[in-house]
Structure formats: C-alpha cells, structure tokens
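One structure is given here, and the rest of the page talks about it.
The values are calculated or read from the model by the stated rules, or taken from the named source; none is laboratory data. For clarity, every value in this text was computed on a predicted model and none was experimentally measured. Neighbour counts run over all protein chains shown; Cβ positions are idealised from the backbone, glycine included. Ligands, DNA and RNA are stripped out before the accessible areas are found, and what is left, the full protein with its side chains, is counted by its heavy atoms. Shrake-Rupley method; radii C 1.70, N 1.55, O 1.52, S 1.80 Å.
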Amino acid sequence: VQLQASGGGLVQAGGSLRLSCAASGRTFSSGRYAMGWFRQAPGKEREFVVAITWSGRTTYYADSVKGRFTISRDNAKNTVFLRMNSLKPEDTAVYFCAARTGAGTDQAPDYDYWGQGTQVTVSS
C-alpha cells in the first residue's frame, strides 16, 4: 500500500484547506483499511488529528480540531480527505496520512502504512 498526501500550503489564520490522501496498491481495496491523519510540528512529537473507519461511519477527532476539521473518504477512488476550517497558527505542521487494518485508532504505532507528509502553514 502506498499513500500520497497532498493539498497543503500557506493560509492565513481563519482560512481553510483540504488535504487529500490517495492510496494505491492492489491490496488496499481488499484490506478494508482505516485511515488516520497525524501531524508533526517542528520540535514536537507526531500527534493524532483524526481517524476514520473503512466504512466511513465512525470517526475520531482530537479535541484540538473538533468542530473545525472534517474527515471523509471515497473508497471508490481510494482517497481520504481532510477538510480544515478556521485554521489557527498552532495547526502549522507537516500532516501525514496513515492506514491500518481494523479499527481506526489515535496511536501512531498502530498504523502500518504512512504517506510522505504535506506541509500546512498558517500565518497569523
């Protein structure tokens, strides 16, 4: 399974971005992977942002992004989206998408596959 994250950029505080994570690999569709987004700011540890189950019916959000970020997925296109609204300077980080079999979790070590990351910078 390969993951390709995109959609990052520079935005002013209060603005919005939509990140995408495109999955490929012949096992992805059959693997019924849960997907997650994590982020890592300079000098900080990687932290959980949001996760979604294969069906899309269950989502998990970090408290810091609840009400501002929305995760969704299109399994027909093997793509997961992260809509980020009301962005704050503290959201600045490299955002990574990740995949795992089974349920979504908020623990990075639980994930089997990782994308390369996309930079999100929020200016004040």
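Here is a check on your reading of the model: is Ser72 modelled with pLDDT of 95 or more and over 15 Å from Trp37 (Cβ atoms)?
no
Has region 61-70 got any residue that is free of Cβ contacts under 8 Å to residues at least 40 places away in the same chain, in a loop (DSSP other than H, G, I, E, B), closer than 24 Å to Thr121 by Cβ and of a type in the set (Ser, Thr, Tyr)?
Within region 61-70, one or more residues are free of Cβ contacts under 8 Å to residues at least 40 places away in the same chain, in a loop (DSSP other than H, G, I, E, B), closer than 24 Å to Thr121 by Cβ and of a type in the set (Ser, Thr, Tyr).
(1) without any contact (Cβ under 8 Å) to a residue 40 or more places away in the chain; (2) buried (at least 16 other Cβ atoms within 10 Å of the Cβ): which one isn't true of Ala51, the others all being true?
(1)
State the number of residues belonging to region 30-41 that are loosely packed, with under 14 Cβ neighbours inside 10 Å and either in a helix (DSSP H, G or I) or free of Cβ contacts under 8 Å to residues at least 12 places away in the same chain (or both).
The number of residues fulfilling the criteria is 1.
If I filter region 94-108 for residues that are β-branched (Val, Ile, Thr), open to solvent by less than 10 Å² (accessible area, probe 1.4 Å) and under 20 Å from Val1 (Cα atoms), do I get at least one hit?
So in region 94-108, the residues β-branched (Val, Ile, Thr) come out as 94, 101, 105.
Narrowing further to those that are open to solvent by less than 10 Å² (accessible area, probe 1.4 Å): none.
The answer is no; no qualifying residue exists.
Among the residues of region 1-20, which ones are over 18 Å from Asn85 (Cβ atoms) and in a strand (DSSP E or B)?
Correct list: Gln2, Leu3, Gln4, Ala5, Ser6.
Looking at Thr59, Thr70, Thr79, can you tell me which residue is open to solvent by less than 60 Å² (accessible area, probe 1.4 Å), of a type in the set (Val, Ile, Thr) and closer than 19 Å to Gly8 by Cβ? Quick ask: steps written out before the conclusion?
On the way: Thr59 fails: closer than 19 Å to Gly8 by Cβ; Thr70 fails: open to solvent by less than 60 Å² (accessible area, probe 1.4 Å).
The unique qualifying residue is Thr79.
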